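The values are calculated or read from the model by the stated rules, or taken from the named source; none is laboratory data. Note that the structure is predicted; figures quoted are calculated from it, not measured. A quick note on method: Cβ atoms are made from the backbone with ideal geometry, for glycine too, and the neighbour counts reach across all protein chains shown. In case anyone asks, the SASA skips ligands and DNA or RNA and just uses the protein heavy atoms, side chains included. Shrake-Rupley method; radii C 1.70, N 1.55, O 1.52, S 1.80 Å.
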Amino acid sequence: MGLHEPDEPLLAKLQEEFCLHDLAVEDAQHAHQRTKVETYGDSLFIVVQTAQLVSGHIAFGETHIFLGKRYLITVRHGASLSYTPARRACEMSPELLAHGPAYALYGVLDFIVGNLMPIVRDFRQELQELEQDIFSDTFNRDTVRRLYDMQRDLMTLRLAVAPMQDVINQLARLHPEFVPKELRAYFRDVYDHVFRVNESIGAMREMLTAAINVNLSLVTFGQNEVMKKLAGWAAMLAAPTLITSWYGMNFTHMPELAKPWAYPTIIGVVACLVSAIYLALKRAKWF
């Protein structure tokens, strides 16, 4: 049975029909529960985080699962796809479904984990598309903002995925009264998928951190190059400014004021000095 954000009367009806524990029903009624697996008498209560990509951002939700020896109930909150494909997949394997609702639980968990892989793949593809902007000579605030948003979403996704490893590992190793040994290999397979997703998320976060640092380093390097050029031009302007400022002072006896060749000589000296400064800066690769 699959429910999406049921109201309180419906949950009360389910509790009456399946003898569900009060604390488990209370948790299922309110979202924002941590990922966990708890035993309540002859049933298990499992909480897992779900995620899906919406308009380039990750939307998160929760699925609360009641597992008994003869029933499986899922309660979805927030962003979560319907588990109809998981139901169809289970119905196509009646020999495995004959082992009980544990195989249906495997189908739901495998479907949840399977929806996480395209998210990481899309983020990796988007990061590759942003590489041109990352290595651009000009600073683009939108690029840095998008990289930061991606890193924040992946951090939240990892907080949702990492505890899921422990939950699935418990189902694969413990609770033999709910998960028969014939199905434990399937839960180990889901655990392997979750582990790979978690590792991919960690690698993506490191790549995003490196991309942000590279982008900021390139921007800083570009600004330093601009400052070097400005400093070079300032040095070239400082020399003629210093020389001409002497001749702007009101003194009677100034060098070569009375000579007819004084003005062209000063111009030549200034030109040679500026040229020497330019060649020196050019050799130092400031221009």
- Message: Within region 260-287, take every residue that is modelled with pLDDT under 80 and loosely packed, with under 11 Cβ neighbours inside 10 Å and give me the one that is nearest to I243 (Cα to Cα).
- Response: P264
- Which one of these does L257 not meet: (1) modelled with pLDDT under 80; (2) open to solvent by less than 50 Å² (accessible area, probe 1.4 Å)? (2)
- Message: Could you tell me how many of the residues in region 75-87 are open to solvent by 10 Å² or more (accessible area, probe 1.4 Å), part of a strand (DSSP E or B) and of a type outside the set (G, A, S)?
- Response: 2
- Is it true that Q49 is under 30 Å from L147 (Cα atoms) and either in a loop (DSSP other than H, G, I, E, B) or open to solvent by 30 Å² or more (accessible area, probe 1.4 Å) (or both)? yes
- Evaluate region 108-123: report whether one residue or more is farther than 18 Å from H193 by Cα and open to solvent by 50 Å² or more (accessible area, probe 1.4 Å). no
- Message: Step by step: first the residues of region 64-79, then only those that are among the small types (G, A, S) and on the phi < 0 side of the Ramachandran plot, then the one that is nearest to the chain's Cα centre (by Cα). Which residue is that?
- Response: A79
- Query: Which of the residues belonging to region 1-46 are in contact (Cβ under 8 Å) with a residue 24 or more places away in the chain, of a type in the set (D, E) and surrounded by fewer than 14 Cβ atoms within 10 Å (Cβ to Cβ)?
  - Reply: E5, D42
